[in-house]
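Have a look at the structure below before the remarks.
Every read-out reported here was derived from the displayed coordinates using simple, explicitly stated rules and does not represent laboratory data. Computed from a predicted model, the values in this text were never measured in an experiment. Reconstructed Cβ throughout: ideal geometry from the backbone, glycine too, with neighbour counts over all protein chains shown.
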Amino acid sequence: MKRILIAAALLTALGATSAALGAGASPITEKVLGAAGIAQPYTIAATKPADVVVAKATVPPGASFGWHYHRAAVVVVVKSGTLTLYDSADRTCTPQRYSAGQGFTERPHHVHLARNEGREPAVVFVTYLGLKHGVNPDVPAPSPGNCPF
């Protein structure tokens, strides 16, 4: 009886796969570009229709995004290298380092600085969630004065 059920399940799965491929259709392929664990809890709310933008940034050693904020919520995946983040609300200017396989989120309009303090390029995938169409997601900001740079 178990063999019949297993065989029936396999035939059903194969039939579904054949139907999904259709007559002569190419199979769907997918490649994961980056994946990361995010340590802090987060919530992202979109209250009206908006855009999603995905960007890849290569940050050379010593390069900095400067103090800035984003117009929308952001999810960042570090693909390779290390990105160091400084928070405008942190009076001690403590660096938060994110290496390959790690990620983080940023709230809209929160001023921060990200730079590559390592010896190899950092590659990051940045997903902006909830942008107005056609708007630049990054906005330069003045130094908040909590860090010596």
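Miscellaneous remarks
- FRET efficiency for residue 80 and residue 30, using Cβ-Cβ distance with R0 set to 25 Å, rounded to 0.05: 0.75
- The convex hull of the Cα atoms of region 69-149, projected and averaged over all directions, covers 5.5 nm².
- In terms of other Cβ atoms within 10 Å, 125, 149, 104 run from fewest to most in the order 149, 125, 104.
- Between residue 43 and residue 97, the modelled labels are 3.3 nm apart [label points 7 Å from Cα along Cα→Cβ].
- For residue 66, the amide hydrogen comes within under 5 Å of the amide hydrogens of 114, counting only partners 5 or more places away or on other chains and with H modelled in the peptide plane.
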